[in-house]
Every structure is written in structure tokens, then in C-alpha cells.
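First the structure, in the form of C-alpha cells, and then the observations on it.
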Amino acid sequence: MLIFLALQACSTDPDANDSDDAVDTGDAETDTDTGTAAAPAWDDPGASIGCDPASPAGLLDDTLLNAALDADDLGFDESIWRDWERSGYVRGPYQWPHFEEVHHDPRVAACFARQHAADLDAAATVPHPTAAALGVLYEGAGIDVAGDPIDARALDLATALTALVEAAGGGDDPTTATTLPVDLAEALTPIVLALAAGIDARHVMDDAAAAIDKPHRLFAAAAGLVISSRDYFPPLADAAEHDAATEWFLSDEGPRALLLPARQLAFAVEDANLVRFAGTATDWTFQTDAGTVRIGPSTDDTYVPEDEPTLFLLELGGDDRYTTAVGGNANADNPVALHVDLGGNDQYGYEVVPDSDDVEGALPSDDDGRSGTSSSDTGRQGSGRYGIGMAFDLGGGDDTWASLRMSQAFGALGIGVLRDDGGADHYSAEAGAQASGVFGWGLLLDGGGDDTYKSWAYSQGFAYAGSSATLLDVGGDDVYTADPGSAFGGLTLYYSPQLPGGEGNSSFCQGAGFGLRGDSWGLYLSGGFGMLRDVTGNDDYVNGVFGQGTGYWEGTGLLSDGSGDDQYDALYYIQGGVAHYATGMLFDGGGDDRYNQRIVPYYMQTGAGHDYSLGMLVDDGGDDMYRYGGLAVGASNCQGVGIFVDKDGVDSYEALSAYSTGLGNHSDCSTRVADPSIGLFMDSGSDVDTWIWPVGDARTPANDSSFGLNWHETDDEHGGAVDGDGVTGF
């Protein structure tokens, strides 16, 4: 797993990832001395990729020469950050530990992006992929979560249920577990113990938060700064309240208390090999004061909302239909919600209640209605709100997941997980979904298949302050849509100030880190780390404003796509386009890719940094097509750093504006010219590229040429562009 501070000491062994010993098989092991089963253990982490940010790079040197820039001056000097810290704008308590090292040096950022993708790829291949991926999220956030998987070797289910009843504050007679098949009871024992551990962790949170607020208010307020609600966390009106809430959140007695139990729960589910029970007929219910435990038979069942919240539902198979919250915390008295379905073509949805404000093209309302955007206050399908919410769909099947807000791997003061192990799946939601975190953690792990993801805002790898969220899709030809808006064949619900008149949506999707720039409050919160990783396949990405590897206010966003012929279309602040002290990156692992061929883009795209931000796009090769507007393809604006790298292939570039392409530009920020504005463009490889350039512009980009531009021709602007050959350094 990623330990970022060790990047500069990475292994240089080219065969480090090829060792058969690097990954735990996950098979039940036996202690050869005692003849008993070995204690459960986490899967071995992935190996270091051996990335060296200081390695020689000839093409980068040529580009820096064209930009009149020394290699040591590429990036941001630490003194800039200290100056802004004194103003109170940056370096708040929510800043992730990786941020400054990544933000300040583009080559370190490239190592970080590649290592994090490698860690997730490794996690997807081990026997307990969800537990392993959660470990990657925790370490990427700089949180040391000590502890082992639940060891239930000496215990039975009745003992585990006794612990569960005690943690929940009451429940049925645990001895009823004797009615279950022996092998099923044995498989459930560590899962039930992990449920109890999660409830106990919530009690720790409640006790530590007693001076801040009541559990039901924290449950309601958790997502409030992003997903509108009657309250918000942390409180902003009173400085003392805000400081107390922040201290609690960052302590081991705050939501971080849930991290180990969540990972233990995921491990227990994946270690139990529950799919061996698919098709059986067990029907069993056990009540606790924290929710119902239910085993449903392998039939085509329909589950509708009930008065009692669900603590754990194990569905043994069939083509099932759910309008319940499945794996979503129902309220503050339901601290853990676990759902496991063992096969079939399942439909996960909600009870539709039409509202007079519903509009064609949007998802229909639930009983909370709509006021422009959805007003839904129900988290579903892996929604951890002030708790742990997990939904597992195992055994394959083509499944449909539909919800409105705070769903499909959403975490707010908690951990939300959605794991679907394969099939051609369809995910749709409006906002705060598909791996999304607001003061929490979200993980969506799809095991493969040709999937579709549809949302409007704050989804598909979105992380607000205090958050880490990752969407990891292992394979298939997938379609990721963050509705771009009414002017682009969609529907505008989340109006963008960059595109007035309702043209497009503010998305913050597909790898986006978002912080609070509270000028009116005088309060600033560093953004989190949002990532979308698609390992392989011919994938299709559509986004509105802010997305596809973007960040805002000390947030970090990364869209990392592996192999395949991919399409990327979006509007503004996209594809490694980023604003205001943030980092945004798009890494494509190769293939014949198409950038902005279906939608005409605006500004700040394909490797562009604005206002002390680092924006980067790296494409590893293939015959690619790029179309772009102004401030794009290695462009800086207002002391930003923009990096564009295409490593190989017969590429074509259609520039809609000459205000781009290796552009050094301080724009209207001329009072800050003591700090550089850096834009670098690099196209490597010996193939002949095609350039469609604006008529009348003096520059003539061509193969084997240098053509960087300083827009105001001042010493603080460093624009470098080289279409040549050699190592790029990224």
C-alpha cells in the first residue's frame, strides 16, 4: 500500500511486481506445528513501482530550456505557502499529509499518482479486495489504523450474538443461532463480531462528541456543507464550537474510530466465502436494538421499507428487488448497516413519490420531494452517515443501482462502501454518490463488466474536506456520465457560475477534491482526495464543469485510466484543469484516446493550473486526438503550473485558441509577478503529429520543434512547448 514518504526510497527492482510471493492467496492456512487454522491476516500490500522523481529526462530538459526555467524551479517554492499561511487562507487542520509534497513538485505528483493507482490495482487482485482497498484509502490519507482482522476461531455464533446484543443495548436470545446450519453459523461468526465492534466504535464517538452535539444532529448535519440540509458540520458560526468539532473529528475518538471496524467487517464478509450458500433456503430473523439481522432465502424477493432499520441482511440469491436503504444507516440509532446479496440480476432502488417539481430527465423523487435539486434525505446502497454503511452484491449478475443523494458508497462522518463483484451494472444517482465523501470515506469497487455510471454532482470519486473517496472499476467498457447540462444534451440542475444562463452543471465528478473557500465567513477548509481508477477497457467519460481530475482549494483530484481506447469530454476546469491552491491530474495508461471530440470545451483543461494550482495530464501513448480551447494543454494562469505530456503515438491537436499549448501567463495577477507562472507541453515519440492551429497566429507548432509562449513576455512567465523525442520525466 502507499506510504508516500517512502516514494523517494522506492525499490528499483524491475521485477518487484512480478514476485509470486507478493500477494497472499487468501486460502485457509493451517499452522503446521499445531494443526489448527492460522489467525486471519490482512492481504500483503502491493509492491513499490520504483518511481524516481529525480531521474534524468531529456525531453523535459529541452522543454524547460524553451521555457527559460531551471529544473530546480519547476513547481512551487515552499516560501509561497508560508506567505499565504500567514494570511490564514491555507494549511488548515484538514489538509491531507500528501498534499504539499505532491502540489509543490509535478514530478513527485506523477510518482504519487502512479503509485496510488498501483496500490489500488494490487488491492483488486487479492482475496479480500474491499478490505485491502480500504487500507489504501486510509494510508493515502495518512491515517495509521492499527489492528488485525477479527479472529473468531475459538468462538461460536451464539457467543458473537451475545456480544452484538450487548453492544446494541438489547436484542433477542442469542441461543436461537443453534437453528442455523452449522457451516453457515460458523461463517457468520466473525461478521457478527465485526458488527459489534462497529457499534462499540460508534459509542466511543458518541461519548467523545457529547460536548459538541447529539448523535441525531450529527447524523443530520454530516453532509450539510455540500448536500443541503438543515444543519452542517463543522459548525461555522462560533469559533470555539468549530475548533471543538474539528478536534473531535481528527481524534481517534471521532469518526476515525470507525476505520478499523469497517475494514474488519469488509474482511469478514470477503473471508467467509458466502457465495457457497447461494441457492439455499434459510430464512431467519434476529432483532437487536441497533437493527434487524435477517437471512433471506434464495427466491425472487421484494424488500420494501419497514419501521425497523436493518443491521445486517444476507440475501441468499434470486432476482431481487429492493426499495429499502440496503447498506445505509437509517438514523443515528442504526450505527452499522450491512447488506450482502449472493447473486441474481438485482434491482436496487427506492419508493418513488412523484413531486410537482420533478422534471423530465431527472430521477423521480422519493418522499422528500424536490426543490430544483433533489431534497432526498435518505442514504442508500452503501451510505455511511455517522456510522458504517456497506452493500455487497456478490456472485455476479447484471444489477441496477438507483438512488438520489448520499448513496452508492457515500461517507459523512462515517464510511460508505459499495462492492459489486461483476456483471453489466447500471448506477444512477443525482448527487453525493458513487464514491463520495463529506467529512468521511467512500469506496465503490466494481469487479468488472460493461458498466454505466450516471450522476450530476459530487460523485464518481469526490472528496470534500476531511474526506477520501475512490471509485475503482477493475475492467470492462464503462461509461461515466456527470450530466454536462442543458446546452449539451443533458439537464442543468447544479448551475455553474462559469457558464451563466443555465448552460451547464457544476459537476465535481470523476476524480475531484473540493475544499471550502469561505471568504464571507473568513474560514477556509482544505479539500480532500477524490479518485476514479479504471484499470482497463474502452471507457467513455462525460463531465460538466470541474471534473476528470480536478481540485479546488487544497483539494486533490485524480482520474487514472489504465489501458484502452477512451473518450473524454467536458467543459471547464477539467482533465487536469484546476483552481486555487489545488492539485488535479488525469493519467491515461495508453490506447487511441479522444479528448473533447464531441463537446466543444471552454477553458482550463488538459493540464492547466490556475492560482497557485498544479494541473497535469499525462497520456502514456497511442494515436490520440485532442481538441481544446484557451488555457489548455500545458497552460498556466495567475501563478499556476500546468503540465501536458503525451508520450508516444501519431497524435492530432486541434487548438481552438492560441492562448494555450505551453503557455506562461500571469493573466490579471500582475501584482504577484515575483512568483512564476509555468506551462509546459511535451509530445514525445518519433511519429509525425498533426496540428490544426488558429489562422493568423504567429506560432507554427510542428514535429521536432519548440514553440512555448509567454503571453505578456515578462520574466515571470515560463511557457515551454516541445514536440520531440526522449524521456519526459513523468
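Counting just the residues of the stretch 218-234 that are within 14 Å of Leu516 (Cβ to Cβ) and in contact with a helix residue (DSSP H, G or I) (Cβ under 7 Å, 6 or more places away or on another chain), which one comes out surrounded by the fewest Cβ atoms within 10 Å (Cβ to Cβ)?
Out of the qualifying residues, it is Tyr232.
One line per residue, one yes/no per condition, for (1) in contact with a helix residue (DSSP H, G or I) (Cβ under 6 Å, 6 or more places away or on another chain); (2) under 30 Å from Ser376 (Cα atoms); (3) modelled with pLDDT of 95 or more; (4) assigned to a helix (DSSP H, G or I):
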position	(1), (2), (3), (4)
Thr162	yes, no, yes, yes
Glu166	no, no, yes, yes
Ala177	yes, no, no, yes
Thr189	yes, no, yes, yes
Leu193	yes, no, yes, yes
Gly198	yes, yes, yes, yes
Met205	yes, yes, yes, yes
Ala211	no, yes, no, no
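With the requirement that a residue be farther than 21 Å from Thr324 by Cβ and of a type in the set (Val, Ile, Thr), what does the stretch 344-359 give you?
Residues of the stretch 344-359 farther than 21 Å from Thr324 by Cβ: 356-359.
Residue satisfying the conditions is Val359 alone.
Determine, yes or no, whether Ala177 is more than 21 Å from Phe267 (Cα to Cα) and crowded, with 22+ Cβ neighbours inside 10 Å.
So Ala177 passes the test.
Which residue pairs have Cβ atoms under 7 Å apart, sit 6 or more places apart or on different chains, and have a first residue in the stretch 630-650 that is over 22 Å from Thr714 (Cβ atoms) and in contact (Cβ under 8 Å) with a residue 60 or more places away in the chain and a second that is β-branched (Val, Ile, Thr) and in a strand (DSSP E or B)?
Val645/Val618
Any residue at all in the stretch 227-248 that is in a loop (DSSP other than H, G, I, E, B) and at pLDDT 95 or above?
There is no residue in the stretch 227-248 that is in a loop (DSSP other than H, G, I, E, B) and at pLDDT 95 or above.
Can you name the number of the only condition in (1) outside any helix (DSSP H, G or I); (2) closer than 22 Å to Trp441 by Cβ; (3) touching a Ser or Thr at 6+ places or on another chain (Cβ under 7 Å) that Asp148 fails?
All conditions pass for Asp148, except number (3).
Search the stretch 46-63 for residues that are of a type in the set (Ser, Thr, Tyr) and pair each with any residue that is assigned to a loop (DSSP other than H, G, I, E, B) and surrounded by fewer than 20 Cβ atoms within 10 Å (Cβ to Cβ) when their beta-carbon atoms are under 7 Å apart and the residues are at least 6 apart or on different chains.
Ser48/Cys10; Ser48/Ser11
Are there strands (runs of 3 or more DSSP E) fully within the stretch 532-599 with at least 2 residues that are of a type in the set (Gly, Ala, Ser)? List them. Steps first, please.
On the way: elements: 540-542, 545-547, 550-552, 556-563, 567-569, 572-574, 577-579, 583-588.
Fully inside the stretch 532-599 and qualifying: 556-563, 577-579.
Need pairs with beta-carbon distance below 6 Å; first residue within 16 Å of Gln347 (Cβ to Cβ) and in contact (Cβ under 8 Å) with a residue 40 or more places away in the chain and within the stretch 288-310, second assigned to a loop (DSSP other than H, G, I, E, B) and not hydrophobic (A, V, I, L, M, F, W, C); sequence gap 6+ or separate chains.
Listed by first residue and then by second, the contacts come to Asp300/Gly318; Asp300/Asp319; Val304/Thr323; Pro305/Thr324.
What residue, of Gly466, Gly396, Gly449, Gly423, is over 12 Å from the mean Cα position of the chain (by Cα), outside any strand (DSSP E or B), surrounded by 24 or more Cβ atoms within 10 Å (Cβ to Cβ) and on the phi > 0 side of the Ramachandran plot?
Answer to the selection: Gly466.
Do we have any residue at all in the stretch 328-340 that's touching a residue at least 40 places away in the same chain (Cβ under 8 Å), of a type outside the set (Phe, Trp, Tyr) and more than 26 Å from His203 (Cα to Cα)?
No, because not a single residue in the stretch 328-340 is touching a residue at least 40 places away in the same chain (Cβ under 8 Å), of a type outside the set (Phe, Trp, Tyr) and more than 26 Å from His203 (Cα to Cα).
The values are calculated or read from the model by the stated rules, or taken from the named source; none is laboratory data. Remember, it's a predicted structure, so these values are computed and weren't measured experimentally. Cβ atoms come from the backbone with ideal geometry, glycine included; neighbour counts cover every protein chain shown.
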